[in-house]
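Enquirer: Sharing a structure here in structure tokens format.
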Amino acid sequence: MKNDAERSQDNCSECGENILFDENRGLLVCEKCGLVDSEKHIDQGPEWRAFDSDQKKKRTRTGAPMTYMIHDKGLSTMIDWKNRDIFGKEISAKIRGQIYRLRKWQSRIRVSDATERNLTFALSELDRMASNLDLQKNLRECSAKIYRDAVEAHLIRGRSIEGVAAASLYAACRMYKIPRTLNEIAEIARVNKKEIGRSYRFISKELELHLNPTKPSDFLTRFVSELELSTECHKLAKKIIKMAELRGLASGRGPTGVCAAAIYAATILAEERRTQRIIAKVSQVTEVTVRNRFQELIENLNLGIQKK
């Protein structure tokens, strides 16, 4: 396996294969034919080496990267709470009092106006909800960016901070095709489903997010994984969903209900039986919805399943 530092975006002019960076010789070399593309290549990495995490932390000369998840984007100065100087020695009592006052004023200055107080609360709420849903870092950054755009466009006025924060997270999930239902967001948010939906529709329209509707296939992998079904069952369910979409059976219906019905049909065909109750619980729809969508599938598609 080659690490990221060894990879190059260029291709060889002779054979078209990838060109790799040889760290020991400072050359760009084709991995197939051995053509030397460039000599004396400049290493863009640091000039120092570190053999453990402590050494790396001490020798690096930059702070943490910019992030939208902190109200000041992580660019403000931080005064450490430890009363030690750069050499690790204890500072005197006289200077300690001065540092204490500086630390106090620094914490006040970081959150100086109403907008920053709003962002501080909203971004902590976003981080809490994303942690409960186990969402990845880039999706959290996207949701924070959407919320910041809503603040800059003055869309928060007259709406609760929690509602707009939850709507931003829901929009980011839709954007990254890692859909979470409004019910799932509402369970961990401090506002109800109706308010989240209303805030989402408003900010998506005003910010022109242009998000595509969720499809039954977007939920398939997660539901199959939670139900502990086989790869064969997953493929069958995916095929059934595709057939249903071609016949127009998914239009005008909830994507989670169609996905749940397709999974139920696939479990019957693959002989990996799961009850409608279990599938309904995982997909967060009612058993009646699963039953109705399933009846529609076997009536309109030739699945080889007998009607009950």
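Enquirer: Would you please name the residue that is modelled with the highest pLDDT, looking only at residues in segment 49-65 that are surrounded by 11 or more Cβ atoms within 10 Å (Cβ to Cβ) and assigned to a loop (DSSP other than H, G, I, E, B)?
Expert: First pass over segment 49-65, keeping only residues surrounded by 11 or more Cβ atoms within 10 Å (Cβ to Cβ): 50, 55-56, 59-60.
From the residues that got through so far, the ones that are assigned to a loop (DSSP other than H, G, I, E, B) too are 50, 60.
Values: A50: 77, T60: 67.
Here the residue is A50.
Enquirer: A further question follows. Could you give me the residue pairs with C-beta distances under 9 Å whose first residue belongs to segment 26-40 and is on the phi > 0 side of the Ramachandran plot, whose second residue is among the β-branched types (V, I, T) and assigned to a loop (DSSP other than H, G, I, E, B) wherever it lies, and which are 6+ apart or on separate chains?
Expert: G26/I42
Enquirer: Follow-up question, since we're still on this one. Quick one: which of T221, T231 is out of contact with any Asp or Glu (no Cβ under 8 Å at 6 or more places or on another chain), over 26 Å from R174 (Cβ atoms), hydroxyl-bearing (S, T, Y) and loosely packed, with under 15 Cβ neighbours inside 10 Å?
Expert: After applying the criteria, what remains is T231.
Enquirer: So if I check each of R103, R96, which one is at pLDDT 80 or above and surrounded by 13 or more Cβ atoms within 10 Å (Cβ to Cβ)? Before you say what the answer is, go through the steps one by one.
Expert: Working: R96 fails: surrounded by 13 or more Cβ atoms within 10 Å (Cβ to Cβ).
Going through R103, R96 in turn, just one is at pLDDT 80 or above and surrounded by 13 or more Cβ atoms within 10 Å (Cβ to Cβ): R103.
Enquirer: Can you confirm whether I203 is touching a Phe, Trp or Tyr at 6+ places or on another chain (Cβ under 9 Å) and in contact (Cβ under 8 Å) with a residue 24 or more places away in the chain? Let's see the steps before the verdict.
Expert: On the way: touching a Phe, Trp or Tyr at 6+ places or on another chain (Cβ under 9 Å): yes; in contact (Cβ under 8 Å) with a residue 24 or more places away in the chain: yes.
It is true that I203 is touching a Phe, Trp or Tyr at 6+ places or on another chain (Cβ under 9 Å) and in contact (Cβ under 8 Å) with a residue 24 or more places away in the chain.
Enquirer: Identify the single condition in (1) over 30 Å from I146 (Cα atoms); (2) touching a Phe, Trp or Tyr at 6+ places or on another chain (Cβ under 7 Å); (3) of a type outside the set (S, T, Y) that P255 does not satisfy, given that it satisfies every other one.
Expert: Checking P255 against (1) over 30 Å from I146 (Cα atoms); (2) touching a Phe, Trp or Tyr at 6+ places or on another chain (Cβ under 7 Å); (3) of a type outside the set (S, T, Y), the one that fails is (1).
Enquirer: Provide a single number: the residues in segment 284-308 that are within 16 Å of E226 (Cβ to Cβ) and either at pLDDT 90 or above or among the basic types (K, R) (or both). Steps first, answer last, please.
Expert: So the first thing to find is which residues in segment 284-308 are within 16 Å of E226 (Cβ to Cβ), and the list is 284-285, 290.
Those still in the list that are either at pLDDT 90 or above or among the basic types (K, R) (or both) too: 285, 290.
Going through segment 284-308 one residue at a time, the tally reaches 2.
Enquirer: Return the total of residues in segment 153-166 being surrounded by 17 or more Cβ atoms within 10 Å (Cβ to Cβ) and part of a loop (DSSP other than H, G, I, E, B). Outline the logic, then answer.
Expert: Here is the first cut: in segment 153-166, the residues surrounded by 17 or more Cβ atoms within 10 Å (Cβ to Cβ) are 155-156, 159, 161-166.
Add one more test, that the residue is part of a loop (DSSP other than H, G, I, E, B), and what stays is 155-156, 159.
Residues in segment 153-166 being surrounded by 17 or more Cβ atoms within 10 Å (Cβ to Cβ) and part of a loop (DSSP other than H, G, I, E, B): 3 in total.
Enquirer: Given the condition crowded, with 19+ Cβ neighbours inside 10 Å, in contact (Cβ under 8 Å) with a residue 40 or more places away in the chain and of a type in the set (S, T, Y), answer yes or no: does some residue in segment 173-182 qualify?
Expert: Within segment 173-182, one or more residues are crowded, with 19+ Cβ neighbours inside 10 Å, in contact (Cβ under 8 Å) with a residue 40 or more places away in the chain and of a type in the set (S, T, Y).
Enquirer: Let me ask another. Hey, any hits in segment 136-152 for a residue that's among the polar types (S, T, N, Q), surrounded by fewer than 19 Cβ atoms within 10 Å (Cβ to Cβ) and not in a loop (DSSP other than H, G, I, E, B)?
Expert: The initial filter retains those residues of segment 136-152 that are among the polar types (S, T, N, Q), namely 136, 138, 143.
From what is left, the residues that are surrounded by fewer than 19 Cβ atoms within 10 Å (Cβ to Cβ) are 136, 138.
Okay, now just the ones that are also not in a loop (DSSP other than H, G, I, E, B), so 138.
Yes, that holds for at least one residue.
Enquirer: Also, I was wondering about something else. Scan segment 184-215 residue by residue and report those that are aliphatic (A, V, I, L, M) and out of contact with any Leu (no Cβ under 7 Å at 6 or more places or on another chain). Working first, answer last.
Expert: First pass over segment 184-215, keeping only residues aliphatic (A, V, I, L, M): 185-186, 188-189, 191, 196, 203, 207, 209, 211.
Hits for segment 184-215 are A186, A189, V191, L207, L209, L211.
Enquirer: Need the failing condition index for D80 against (1) surrounded by 10 or more Cβ atoms within 10 Å (Cβ to Cβ); (2) charged (D, E, K, R); (3) modelled with pLDDT of 70 or more, just the number.
Expert: All conditions pass for D80, except number (1).
Enquirer: So L246 ticks every box in (1) closer than 22 Å to A150 by Cβ; (2) not assigned by TED's automatic domain parsing to the domain that holds A150 but one. Which box is left unticked?
Expert: Among (1) closer than 22 Å to A150 by Cβ; (2) not assigned by TED's automatic domain parsing to the domain that holds A150, L246 violates only (1).
The values are calculated or read from the model by the stated rules, or taken from the named source; none is laboratory data. Predicted model, so just to flag it, every value in this text is computed and none were measured. Reconstructed Cβ throughout: ideal geometry from the backbone, glycine too, with neighbour counts over all protein chains shown.
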